[in-house]
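K.L.:
Let me begin by handing over the structure; questions about it come next.
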Amino acid sequence: MIPNFKEIIDLVKKGATIEAQEKIMELREATIKLQQENSELLEKVKVLEKIIDKKLSMKFESPFYYANGDNVPHCPRCWEVNHKAIHYPAPFNNVDGPNYTCPQCKTVITHPQRQRQRQTTY
Ligand SMILES: [Zn+2]
């Protein structure tokens, strides 16, 4: 438990300076721990804010996700499972249509040209 100032002042008033110093040390340690926890939490908040910003800007146009102002498709698996916006590299064309392979999770999506809603520019 974190010592409070009143506790320390009471000890000083009683002349219990050693006990007061111990409480001050405990208070300092607790403060350092709280500062560390606070900076870890701020880091987590930053990560979550980035995810939220991206989430708001990502639109699902089956079978891909697209970010605002970005016509290169993102891997739906990476986005939905890990909240990672991974662009597909330029697709490999086969007889069924372009084959998109995610560089991260290796998910392959064959997306026929006729269903494409956007003109992709790499
Ligand atoms: Zn992926």
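The values are calculated or read from the model by the stated rules, or taken from the named source; none is laboratory data. Because the structure is predicted, anything quoted here is derived from the model rather than measured. Note: ideal-geometry Cβ built from the backbone for every residue, glycine included; neighbour counts use all protein chains shown. Side chains included, ligands, DNA and RNA excluded: accessible areas come from the protein's heavy atoms. Shrake-Rupley method; radii C 1.70, N 1.55, O 1.52, S 1.80 Å.
K.L.:
Only residues that are more than 8 Å from the ligand (Cβ to nearest atom) and either open to solvent by 70 Å² or more (accessible area, probe 1.4 Å) or within 20 Å of Lys50 (Cβ to Cβ) (or both): list them for segment 91-107, please.
P.N.:
Passing the criteria: Phe92, Asn93, Val95, Asp96.
K.L.:
Starting from segment 5-32, keep only residues that are without any contact (Cβ under 8 Å) to a residue 12 or more places away in the chain, then list their pairs with residues that are among the acidic types (Asp, Glu) and part of a helix (DSSP H, G or I) whose Cβ atoms are within a distance under 9 Å, requiring at least 6 positions of separation or different chains.
P.N.:
Ala16/Asp10
K.L.:
Something else now. Given Ile9, Ile18, Ile2, which one is open to solvent by 70 Å² or more (accessible area, probe 1.4 Å), more than 30 Å from Val108 (Cβ to Cβ) and outside any helix (DSSP H, G or I)?
P.N.:
It is Ile2.
K.L.:
Also, I was wondering about something else. Here are some conditions: (1) modelled with pLDDT under 90; (2) within 16 Å of the ligand (Cβ to nearest atom); (3) not β-branched (Val, Ile, Thr). Arg116 meets all but one. Which one does it not meet?
P.N.:
Here Arg116 clears every test but (2).
K.L.:
Now a separate question. Does segment 59-70 hold any residues that are in contact with a Phe, Trp or Tyr (Cβ under 7 Å, 6 or more places away or on another chain) and surrounded by fewer than 17 Cβ atoms within 10 Å (Cβ to Cβ), and which are they?
P.N.:
Scanning segment 59-70 gives a single hit, Lys59.
K.L.:
Condition check: in the same structural domain as Thr107 (by TED's automatic domain parsing), among the polar types (S, T, N, Q) and more than 21 Å from the chain's Cα centre (by Cα). Does Asn93 satisfy that?
P.N.:
Against the criterion (in the same structural domain as Thr107 (by TED's automatic domain parsing), among the polar types (S, T, N, Q) and more than 21 Å from the chain's Cα centre (by Cα)), Asn93 qualifies.
K.L.:
Which of the numbered conditions does Ala90 fail, given that it passes all the others? Conditions: (1) free of Cβ contacts under 8 Å to residues at least 24 places away in the same chain; (2) under 15 Å from Tyr122 (Cα atoms).
P.N.:
So the condition that Ala90 fails would be (1).
K.L.:
Separate question: What about Ala30, is it at pLDDT 90 or above, of a type in the set (Gly, Ala, Ser) and within 16 Å of the ligand (Cβ to nearest atom)?
P.N.:
In short, no.
K.L.:
Being away from the ligand (no atom under 11 Å from the Cβ), free of Cβ contacts under 8 Å to residues at least 12 places away in the same chain and charged (D, E, K, R) narrows it down to one of Glu61, Glu49, so name that one.
P.N.:
After applying the criteria, what remains is Glu49.
K.L.:
Restricting to segment 71-84, give me the number of residues that are more than 16 Å from the ligand (Cβ to nearest atom) and surrounded by 12 or more Cβ atoms within 10 Å (Cβ to Cβ).
P.N.:
Residues meeting the conditions: 0.
K.L.:
A further question on this structure: Taking the options Ala30, Ala90, name whichever one is small (Gly, Ala, Ser) and closer than 30 Å to Asp10 by Cα.
P.N.:
The conditions single out Ala30.
K.L.:
Condition test on Ala85, is it touching a His at 6+ places or on another chain (Cβ under 6 Å) and either farther than 30 Å from Ile109 by Cα or among the hydrophobic types (A, V, I, L, M, F, W, C) (or both)?
P.N.:
For Ala85, the condition - touching a His at 6+ places or on another chain (Cβ under 6 Å) and either farther than 30 Å from Ile109 by Cα or among the hydrophobic types (A, V, I, L, M, F, W, C) (or both) - is met.
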